Amino acid sequence: MRARRWLRWLALGAACAALAGCSTVSYYWQAALGQWQVHNAARPLDVVLTDPATDARLRARLEIARGLREYASRALALPDNGSYRRYADLKRPYVVWNVFAAAEFSAQPRQWCFPVAGCVTYKGWFDEAAAQRFARQLAGEGHDVFVYGVPAYSTLGWFDDPLLNTFMHYPRAEVARLVFHELAHQVAYAPGDSTFNESFATAVELDGVRRWLEREGTAGELADFEAMRRRREGFVALVEGTRARLAALYAQALEPSAMREAKAHVFAEMRAGYEALKREWGGFSGYDRWFAQPLGNAHLASVAVYTQQVPAFEALLAACGGEHGRFHAAARRLAKLPEEGRAAALARLAAGGGADCPGR
């Protein structure tokens, strides 16, 4: 019995972290062990909330999160299960570190494939040092790489995902955003299509947070959220425009030295574009840290995977009358389509071509 239990942990842990794919036993093992550690550290919310040793500030944040969790299922038709009804303190700032990579002269990210999760555009590690070693290996092969810490992820319903110390002290709207986003991954998931999966979850989070703030938030919180969304749209448009320019550049028959010079020029213009955006935003500097990095193709790809198809999903949600239950059913139907058919349907939605929204 114990052996079978460990085999299940190994398989499920690998599948969960295979949101980044894997082909080696050592990677499977770190994935299974990392997921087991997260699961083992989690305690039911009622236990944490009644524990005299629980810090008062954390207790208040967990009460907020518990209300968010109930709202997610009641108002947004997100799964009513054990996820986000426990809390784990991992004693570190992030739960996993994701590695994105792209060839030096390609706007398309590298993919890693896994039999259950399909092919995905990033690879996750529960240990930062291991993620950095993997990134150095990819860089040595000539790839542009990007490593970033992730405060939350979804096991797609294979486990009851807990609330984590990695995001519990974020502003309330940010906690809501993360909980709604990760629960959405349990609703609709297309193996091998990271952009579909992340864009759908982003659309759920954005509409969910807006609705929750209108009901439970303050006027200031709602105004901050709307300002954040406008700034995010400007940032994404800048990144997507840069990716399009680079894709056109990489299609040209240039010598490597000339290509590198032209590539550097495009990135320099993107930085100049960001400075112009900051002036429009009244000096808001929230993206300064991102732009302070030595930017490459992998950084741009990491943004695109979360946002590229959001307009299509927002159009679909509108076609469903804003009803999340019907919206989720429509997304699940799209997830079952062949990749080409799914992409075509989303392209029509984004272009304003109308949507067919099924019943619940």
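The values are calculated or read from the model by the stated rules, or taken from the named source; none is laboratory data. No experiment lies behind these values; they were computed from the predicted model shown. Note: ideal-geometry Cβ built from the backbone for every residue, glycine included; neighbour counts use all protein chains shown. Please note that ligands, DNA and RNA were not included when accessible areas were found on the heavy atoms of the full protein model with its side chains. Shrake-Rupley method; radii C 1.70, N 1.55, O 1.52, S 1.80 Å.
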Charge-dipole axis of the range 90-213 as Lys and Arg at +1 and Asp and Glu at -1 on Cβ define it, positive-most pick from P93, G140, F105: P93
With r as the distance between the Cβ atoms of R57 and L33 and R0 = 30 Å, compute the FRET efficiency 1/(1 + (r/R0)^6) and round to 0.05. 0.45
Nonlocal amide H pairs with L164, under 5 Å, H built at 1.01 Å: A88
Considering only Y306, W29, A343, whose Cα is most displaced toward the positive end of the charge dipole of the chain, charges sitting on Cβ of Lys, Arg (+1) and Asp, Glu (-1)? W29
Rounded, prolate or oblate: pick one for the range 189-246, where a ≥ b ≥ c are the square roots of the eigenvalues of its C-alpha gyration tensor, a/c under 1.5 means rounded, and failing that, prolate if a/b is larger than b/c, else oblate. oblate
Nearest 500 deg cm²/dmol is fine: what mean residue ellipticity at 222 nm does the chain get from its DSSP H runs of n ≥ 4 alone, each adding -39,500 (n - 2.57), divided by its residue count? -19500 deg cm²/dmol
Take the chain, connect every pair of alpha-carbon atoms lying under 10 Å apart with a spring to form a Gaussian network, then pick out the residue of T54, T202, T166 with the largest mean-square fluctuation. T54
Label the chain by shape, choosing from rounded, prolate and oblate, from the square roots a ≥ b ≥ c of the eigenvalues of the Cα gyration tensor; if a/c is under 1.5 it is rounded, and otherwise prolate applies when a/b is larger than b/c, oblate when it is not. rounded
For R92, solvent-accessible area (1.4 Å; no DNA, RNA or ligand), Å²: 60 Å²
Please work out whether the range 278-360 counts as rounded, prolate or oblate from its C-alpha gyration tensor, where a ≥ b ≥ c are the square roots of the eigenvalues and a/c under 1.5 means rounded, while otherwise a/b larger than b/c means prolate and anything else oblate? prolate
Quick one: dipole size for the range 253-360, taken about the Cα centre, charges +1 on Lys/Arg Cβ and -1 on Asp/Glu Cβ, in debye to the nearest 20. 400 debye
What net charge do the residues around A152 carry, taking every other residue with its C-beta under 12 Å from that of A152, with Lys and Arg at +1 and Asp and Glu at -1? -3
If we count every other residue with Cβ under 13 angstrom of P79's Cβ, Lys/Arg +1 and Asp/Glu -1, where does the sum land? -1
Net charge of neighbours whose Cβ lies under 14 Å from the Cβ of L178, counting Lys and Arg as +1 and Asp and Glu as -1: -1
Accessible area of the range 149-197 divided out per residue, in Å², using a probe of 1.4 angstrom: 25 Å²
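With +1 on each Lys and Arg Cβ and -1 on each Asp and Glu Cβ, and nothing else charged, work out how big the dipole of the chain is about its Cα centre, in Debye to the nearest 20.
That gives a dipole near 720 debye.
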